[in-house]
Amino acid sequence: MHSSAPPRVSVLGAGSYGTALAVLCHANAPTMLWARDPVSVAEINQQHSLQRYLPDIQLPEGLSATASLETAMQHALGNDESPAFIILGVPVAGLAQLCTLLSDFLPSTRKHPVHLVHICKGFDAQSGDLPHVIAELHTPHHDWLHHGVLSGPSFAIEVAQGLPVALTIASNNTDLMHCAVSLLHGTQARIYSSHDVIGVEVGGALKNIIAIACGIGDGLGQGANARAALITRGLAEIQRLGVGLGGLPETFQGLTGLGDLVLSSTSDLSRN
């Protein structure tokens, strides 16, 4: 269902990337951060900073935080007068628990959609499930509840600094993608839409393996030739596996495949 009212945004998880995305969303919609740590909540609300994750970044004064998951969910859901856009800013290991917890605050009926968008990259350590499978398994099934993934080559600190970035929003629901574009697309960010959820998630998960290999190569002094070979042949392997899991080949040549792989494998900002 389309709505003329702007969506209300809650970002669940005030790590570096979740907070950076909250800054981006805040420019276009009322946005609230949820953090487990009350010290982080106080710092965001009082000093408008989060030095642990985003050093030397001044957060918008209107961006608020809470340690109450119920408060954060109520902020996004509002009075059902507009769509709710909820970013799940936790690692894969914490996704199932967060989805279970937030489900307690979802209504039984609703007029406007609720969009759940995860930003984690990886596979579940026990089941091997991709994040969208985990999210769907641990939330109720309603025709107004939609899932999506936001991914692409981006470092949180640069997003928070206002530097240019291009990302992909992937979902089976067109309204969710339109909502994400309306929130994030602008002079700083360019947002591309895709229906290939599997391809986007696999590219984001597997690029870390190649990035680590590139780091090992650097440590061993193997040179730029080896790095280029790892990136090129690594991408070929990522694509073969991703297509085998149900992804589209062209996805791996885009932002969430080649783009994310190049960034993580070549930048000193990469943790991998």
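What follows is calculated from the coordinates using simple rules that are stated; it is not laboratory data. Only a predicted model underlies this, so the values are computations on that prediction, with no experimental measurement involved. As a convention, Cβ positions derive from the backbone with ideal geometry for all residues, glycine included, and neighbour counts pool all protein chains shown.
List of remarks:
- Extent along the principal axes, Cα only, for segment 9-131: 38, 38, 23 Å, with the longest axis given first.
- Stokes-Einstein D (µm²/s) once Rh is taken as the Kirkwood radius of segment 138-272 over alpha-carbon pairs, at 25 °C in 0.890 mPa s: 156 µm²/s
- Segment Ile212-Asn173, extension gain: residue separation times 0.36 nm, minus the distance between their alpha carbons: 10.7 nm
- log₁₀ of I(q)/I(0) at q = 0.08, 0.09, 0.13 Å⁻¹ - the chain, Debye sum with one point per alpha carbon: -0.32, -0.40, -0.84
- Segment 1-113 - charge dipole about Cα centre, Lys and Arg +1 at Cβ, Asp and Glu -1, debye rounded to 20: 220 debye
- For the chain, size of Cβ-based charge dipole, Lys and Arg +1, Asp and Glu -1, in debye: 340 debye
- Between helix 174-184 and the chain there is an angle of about 90 degrees, using the helix long axis and the longest principal axis of the Cα atoms.
- Relative contact order (%) - criterion: Cα under 8 Å, at least six apart; region: the chain: 16 percent
- The residue list Val197, Gln47, Cys25 was ranked by how far each Cα lies along the charge dipole of the chain toward its positive end, using unit charges on Cβ atoms, and Val197 comes out on top.
- Rounded to the nearest 10 degrees, the angle from helix 197-219 to the longest Cα principal axis of the chain is 50 degrees.
- At an R0 of 22 angstrom, the distance between the Cβ atoms of Leu269 and Arg52 translates into a FRET efficiency of 0.85.
- For the chain, the longest principal axis of the C-alpha atoms and the axis of helix 16-26 are separated by about 50°.
- For segment 198-266, the share of alpha carbon pairs falling in successive 5 Å distance bins from zero is 4, 21, 31, 21, 13, 7, 3, 0 percent.
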